[in-house]
Amino acid sequence: MIRKRTSKITGMAAVLGVTLAPLSTHAQDPAQMFEMRDRPTLNFYGSPGIIDMPSGEALPDGQFTLGVSHFGGITRNTLTFQATPRISASFRYNGIQDWNDDGFGTYRDRSFDVRFLLHRETSSLPALTLGLQDFAGTGIYAGEYVAATKNFTLNRVPGTLKVTGGLGWGRLGSSGAIGAPFGSDRPGFVPGDTGGELGAGQWFRGDVAPFAGVEWQVNNKLGLKAEYSSDAYRPETRRSVFTRKSRFNFGAEYQVSNAIRLGAYYLYGSELGVNVQVQLNPRRPISPLRLPAPRPYDIRPARNANPQTYSADWAASTEAASTAVRDALIPLLEAEGLTLIEARSTARETEVRFSNQRYAARSVAVGRVARAMARVLPASVETFRIVPVENDLAQSTVVFRRADLERLELAPDSTNALLVRTRFQEAAPGLPGSAYNDDLFPDFSWSIGPYLSPSYFDPDEPFRADVGVKLNLRYQPAPGWVIAGELRQQLFGNIGDSTRIAPSALPRVRTDAARYSREGETSLNRLYVSRQWKPREDLYARVTAGYLERMYGGVSAEVLWKPVASRLALGVEANYVKQRDFDQRFGFRDYSVATGHASAYYEFGNGYTGQLDVGRYLAGDVGATLTLEREFSNGWRVGGFFTLTDVSADDFGEGSFDKGIKIEVPLSWFLGKPERRTVGATIRPIQRDGGARLYVPGRLYEQVRSGHRQALEGNWSGVWE
Amino acid sequence: MSSVRHIGMMMAVAATLAACSSDSSERKGLPTVIAGTLKSAIAARRAGKAESTQVTPKMLAETKIAALQVNPERAGGSDFLRRIAQRRDSNGMLNEVWQSSDSAQIFLRNGVLVGTRGVGTDIISSDASAIIRAVDAKGSRRGTRRYVVSDGDNTSETVTFRCAIDNLGQEGIFIVNQSFDTVHLRETCIGGPSGEVSISNDYWVLSQSGLVKKSRQWAGPASGYFEMILLKN
């Protein structure tokens with residue numbers, strides 16, 4: 001019951017005059033059983049650490065953090081994601097006031113970090129982490145480190161003590177250096193360089209300096225920190241951003257809530273600082289989802305005792321049976337927020353195809369359809385075939401034995417027991433001989449609502465946005481056909497105010513965004529017709545034509561191969577598009593391009609997914625995009641991508657190549673009620689013209705995958721919810 | 001700073017813009033959905049914790065169907081659940097589904113809570129064979145208790161506990177205006193993700209019929225403990 005973590009008394013303990021004891025813990029309240037314990041706190045770089053120095057610990061797996069710190073005119077905003085139990089990545093946007101050099105008043109920059117946990121803390125050994133800070137290019141924060149951290153409990157004082165020591169290179173080796181073990185030829189920071197490229201040549205080069213720190217977590221709320229910093233802050237002090245008088249930093253932190261921690265500090269003998277730390281875990285929803293309890297299964301009477309209830313007479317013809325089943329199920333599915341599309345039934349087997357606008361997890365929808373079927377289908381039907389459909393694309397067939405559902409509903413371990421008895425099959429493109437729900441087409445819908453379109457990292461104004469009203473219209477004349485449009489009226493905005501016109505050696509395929517914003521106050525954002533269908537049971541196809549996005553119009557065609565239980569999917573997309581006029585009405589500019597990609601998608605398991613797109617981009621450049629993402633079963637996705645094309649770093653301009661991060665969060669995670677929509681953002685350090693892709697509405701992969709085996713299994717307990 | 005104010009104003013306008021659409025709730029505008037959620041959360045917080053209901057002899061006399069009084073300790077208040085399903089499994093155990101007035105459910109197997117629905121972070125299923133056998137035998141026992149618990153996002157986790165079940169002896173309990181001779185069993189469990197989570201369930205088993213007349217059982221991370229009184233079987 002009591003976890004053993006013994007450790008030797010160290011020099012630090014002698015200094016403090018206390019004895020260090022094993023870390024012991026107490027019985028835990030079940031209400032907190034899924035809460036993350038032993039979370040490291042964040043430093044001014046938004047990484048696990050002390051104050052300005054890093055520590056040797058890793059965040060809990062999947063943890064997503066935001067750190068905002070400020071001292072001496074320096075602000076750092078950092079997103080960190082613990083992508084695997086041992087690897088984390090950070091994206092940072094910083095501003096340094098009073099720079100007054102290199103053409104900047106305030107110097108703003110983006111940087112990426114990556115950290116590797118080399119050793120997890122044990123009873124005798126500390127946690128050990130290797131970190132590369134600002135590792136892409138000659139960034140201002142470039143530095144490498146190895147840090148070790150060990151936890152102790154104290155005998156005579158409450159709380160726990162965390163002791164960290166490490167070695168730093170680059171920025172973290174600039175003060176109190178003790179040598180240069182791997183060579184001294186480290187290139188310096190060059191403001192205005194295109195940057196963006198891996199700085200492997202400089203890693204661990206130059207001076208190395210030790211750093212250290214202690215963190216005393218006095219109780220659940222209060223923590224005190226002190227550290228010895230190895231950062232000389234040379235670029236800043238040289239430009240008089242602040243005066244560094246000491247190597248020691250001190251601070252106090254307060255845990256306001258489970259997610260939020262605030263800290264106040266005294267740094268470098270001259271500056272006061274603050275740090276806001278926000279930690280979330282995608283696996284722990286802010287509001288747990290509450291679904292109305294489903295009606296329990298209606299259990300059929302035993303066949304021996306009631307042979308007449310198992311009579312097949314009701315299904316004299318498939319047509320009559322299918323029609324009866326369809327009519328009985330339509331209202332039951334409607335009550336669950338689901339729409340019956342078609343049904344086909346014999347005396348022993350019924351197939352139901354339906355669409356789902358309510359539940360993010362398809363498994364919940366499948367479970368609710370199965371319950372509706374058990375309620376109304378005569379006892380002779382033993383096999384349920386349930387097919388989720390996304391706009392005429394039948395995703396998969398989930399096959400249940402009715403007896404399994406009846407028997408397992410209240411059984412121990414019902415989730416796994418049902419999973420091993422369920423079959424996932426390909427869904428045929430259509431269901432010949434079915435009874436179709438004739439009320440579905442044509443269908444017209446509309447909505448009016450606000451929109452906000454953000455723009456990040458303008459050197460003059462780091463966050464810009466346009467806000468307005470949008471009108472969406474959608475008409476579906478027949479299954480698989482969509483005619484849709486979006487009109488926008490901008491009300492406020494400052495994206496168009498941007499006066500910086502960055503030069504581009506390429507056709508200006510994306511860098512005219514400010515002009516589109518300025519001249520398109522009343523605009524036709526999209527207007528297109530599309531058709532999608534399944535040519536074969538594992539093939540999906542789409543053709544779209546019209547004004548596809550605000551900058552391009554044309555035609556787009558896509559074919560995707562994705563067997564229902566396969567981790568691999570392959571796709572091809574070909575587009576011919578013309579650049580739209582800045583006013584985003586019906587006219588076009590002179591530039592047109594044939595662009596398209598061959599894509600491979602792979603689900604590695606445990607939610608890790610990869611996508612490789614090879615092809616021609618909007619500026620006519622040829623290359624490939626690699627995207628790696630971690631997707632949680634509840635729909636949270638965090639990932640990153642980069643694109644390399646035949647455009648040279650110089651021609652590409654700032655950043656050298658296209659890259660960015662993607663975050664997507666399901667709304668139900670915040671709201672605690674069923675909701676399919678998500679909120680998200682793709683953030684690029686900078687948008688240039690190289691490696692730019694077309695945005696096409698309704699790409700196939702995401703439409704198809706949500707109802708395939710991997711996705712259904714990830715939420716399988718939802719079948720019973 | 002002016003830009004910050006500017007953006008703040010833009011956000012405020014965006015949030016107050018009424019969103020509307022042609023049809024179903026699924027297509028409601030986001031601001032409407034979010035505002036609705038906030039309103040109900042604030043209303044729930046203001047309402048505070050309600051007292052549990054004291055059942056009077058008259059109320060009991062007028063109850064003609066099976067009724068289970070549930071007093072959630074954390075949420076407060078009381079609810080009276082109806083039995084909506086009852087079936088014997090292949091092991092001869094009696095499984096029951098009880099439904100609350102707000103469409104939440106409790107699954108009981110021989111009086112032991114083995115599932116919840118619609119209460120949030122639900123218990124999807126539970127392997128409770130040790131305590132079920134102990135209730136049957138009114139004796140002490142040791143065994144494993146396993147819960148599949150919803151994370152509140154359509155994913156679930158299996159948590160395992162080591163449990164000791166102790167017979168605390170005969171106890172007379174008083175419900176409404178009647179007294180009952182019972183055997184008091186306590187199931188003390190330790191385990192869970194950290195290995196240090198403790199759960200303790202109490203059962204008052206009727207000496208005569210072996211029915212669980214009253215209990216206090218854990219109903220999931222968000223629900224905490226429920227006191228349950230079988231008013232009428």
key: More than 17 angstrom apart: percent of Cα pairs within region A:450-494   = 52 percent
inquiry  = Within region A:268-365, what whole-number % of the accessible surface is contributed by carbon and sulfur, with the 1.4 Å probe and all protein chains included in the calculation?
reply    = 52 percent
ask   = Looking at region A:449-493, which residues lose a minimum of 10 Å² of accessible area between their chain alone and all protein chains in place, measuring with a 1.4 Å probe and not counting ligands or nucleic acids?
value = A:P450, A:L452, A:E461, A:F463, A:A465, A:V467, A:V469, A:L491, A:F492, A:G493
task = Compute the distance in nm between two label points, each set 7 Å from the Cα along the Cα-to-Cβ direction, one at A:R238 and one at A:V572.
result = 5.5 nm
task = Taking all pairs of distinct Cα atoms, average 1/r, flip it, and tell me the Kirkwood hydrodynamic radius of region A:527-611 in Å to one decimal place.
result = 14.5 Å
note = Residue by residue through region A:666-680, the couplings from Karplus 6.51 cos²θ - 1.76 cosθ + 1.60 with θ = phi - 60°, in Hz, x for Gly and Pro, are x, 5, 4, 5, 8, 8, x, 9, x, 6, 8, 6, 10, 10, x
key: Interface burial for A against B (accessible surface, 1.4 Å probe, total of both chains, Å², rounded to 100)   = 5600 Å²
task = Quantify, in whole percent, the carbon and sulfur part of the accessible surface of region A:191-254 (1.4 Å probe; protein heavy atoms only).
result = 56 percent
query = On a 0 to 90 degree scale, rounded to 10, what angle separates helix A:318-335 from the longest Cα axis of chain A?
reply = 40 degrees
key: Radius, Kirkwood style, for region A:58-101 when every pair of distinct Cα atoms is counted (Å)   = 11.6 Å
query = Applying 1/(1 + (r/R0)^6) with R0 = 60 Å to the Cβ-Cβ distance of A:N100 and A:A557, what FRET efficiency is obtained, to the nearest 0.05?
reply = 0.65
message = Please compute the length gained on full extension between A:Y475 and A:R500, using 0.36 nm multiplied by the number of residues separating them and subtracting their Cα-Cα distance.
response = 5.0 nm
Rounded FRET efficiency, nearest 0.05, which uses the C-beta distance separating B:M59 from B:R88 and R0 of 41 Å = 0.85
remark   = Long-range amide H partners of B:S207, meaning residues 5 or more apart or on another chain whose placed amide H is closer than 5 Å, are B:D181, B:T182, B:V183
key: Approximate shape of region B:72-177 as ellipsoid semi-axes (Cα gyration tensor, √5λ), whole Å, largest first   = 23, 20, 15
task = Compute from the Cα atoms of region A:505-650 the Rg and the Dmax, the latter being the longest Cα-Cα distance, and quote both in angstrom.
result = 17.3, 48
inquiry  = Just to be sure I understand the interface: list residues from region A:279-312 that lose 50 Å² or more of accessible area between the chain on its own and the complete protein assembly, 1.4 Å probe.
reply    = A:L289, A:R290, A:A293, A:P296
Residues losing 50 Å² or more accessible surface upon assembly, region A:691-721, compared with the chain by itself, 1.4 Å = A:S717, A:E721
task = Please get the size of the charge dipole for region A:375-453, origin at its Cα centre, with Cβ charges of +1 on Lys and Arg and -1 on Asp and Glu, quoted in debye to the nearest 20.
result = 360 debye
key: Calculated from backbone phi, Karplus (6.51, -1.76, 1.60) coupling profile of region A:565-578 in Hz, x at Gly/Pro   = 9, 8, 7, 9, 9, 10, x, 10, 10, 10, 9, 10, 10, 10
ask   = Check A:A619: other-chain or 5+ apart residues with amide H under 5 Å from its amide H, H built from backbone geometry?
value = A:G691, A:A692
ask   = Using the Cα atoms of region A:566-643 to build a convex hull, what is its mean projected area in square nanometres?
value = 6.9 nm²
remark   = Eigenvalues of the alpha-carbon gyration tensor of region A:429-564, times 5 and square-rooted, give semi-axes in Å, largest first, of 37, 20, 12
query = Quick one: Kirkwood hydrodynamic radius for region A:328-371, alpha-carbon pairs, angstrom, one decimal?
reply = 10.7 Å
note = In whole percents, the bins of 5 Å from zero upward hold the Cα-Cα pairs of region A:116-229 as 2, 11, 18, 18, 17, 13, 9, 7, 4, 1, 0, 0
inquiry  = Using the basic label-point model (7 angstrom from Cα toward the beta carbon), what is the B:D202 to B:S103 distance in nanometres?
reply    = 3.5 nm
ask   = Given the alpha-carbon gyration tensor of region A:196-332, what are the semi-axes of its equivalent ellipsoid in whole angstrom, ordered largest first, with each equal to the square root of 5 times an eigenvalue?
value = 71, 22, 15
note = Relative contact order of region A:60-136 (C-alpha contacts under 8 Å, at least 6 apart) in percent is 21 percent
request  = Divide by every residue of the protein assembly as shown the summed helix terms, -39500 (n - 2.57) for each DSSP H run of at least 4, and state the resulting mean residue ellipticity at 222 nm, rounded to the nearest 500 deg cm²/dmol.
outcome  = -4000 deg cm²/dmol
task = Rounded to whole Hz and in sequence order, give me ³J(HN,Hα) for region A:347-352 from the Karplus expression 6.51 cos²θ - 1.76 cosθ + 1.60, θ = phi - 60°, writing x for Gly and Pro.
result = 5, 10, 9, 10, 10, 10
request  = Name the longest site-free stretch of chain A, where the excluded sites are chymotrypsin sites (Phe, Trp or Tyr not before Pro) in a DSSP loop with no more than 14 other beta-carbon atoms within 10 Å.
outcome  = A:183-585
note = Note to self: with every protein chain in place and a 1.4 Å probe, the protein assembly as shown gives an accessible area per residue in Å² of 42 Å²
request  = Beyond 25 Å between alpha-carbons counts as too far, so tell me which of A:K673/B:K49; A:K150/A:K662; A:K534/A:K662; B:K138/B:K214; A:K150/A:K659 fall in that bin.
outcome  = A:K150/A:K662; A:K534/A:K662; A:K150/A:K659
key: Residues with amide H under 5 Å from that of A:L198, placed H, sequence gap 5 or more   = A:G137
ask   = With axes computed from alpha carbons, what is the tilt in degrees of helix A:362-376 against the longest principal axis of chain A, rounded to the nearest 10 within 0 to 90?
value = 30 degrees
key: Mean separation of Cα contacts under 8 Å, 6 or more apart, over the residue count of chain A: relative contact order %   = 9 percent
inquiry  = Over the Cα atoms, compute the radius of gyration (one decimal) and Dmax (the largest Cα-Cα distance, rounded to a whole number) for the protein assembly as shown, in Å.
reply    = 31.2, 93
inquiry  = With a cut-off of 8 Å between alpha carbons and a minimum separation of six or more residues, what is the relative contact order of region A:455-602 in percent?
reply    = 16 percent
key: region A:508-585: trypsin sites (Lys or Arg not before Pro) in DSSP coil with no more than 13 other Cβ atoms inside 10 Å   = A:R585
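The values are calculated or read from the model by the stated rules, or taken from the named source; none is laboratory data. Because the structure is predicted, anything quoted here is derived from the model rather than measured. Ideal geometry is used to build each Cβ from the backbone, glycine not excepted, and the neighbour counts take in all protein chains shown. Just the protein is used for accessible areas: all its heavy atoms, side chains included, with ligands, DNA and RNA removed. Shrake-Rupley method; radii C 1.70, N 1.55, O 1.52, S 1.80 Å.
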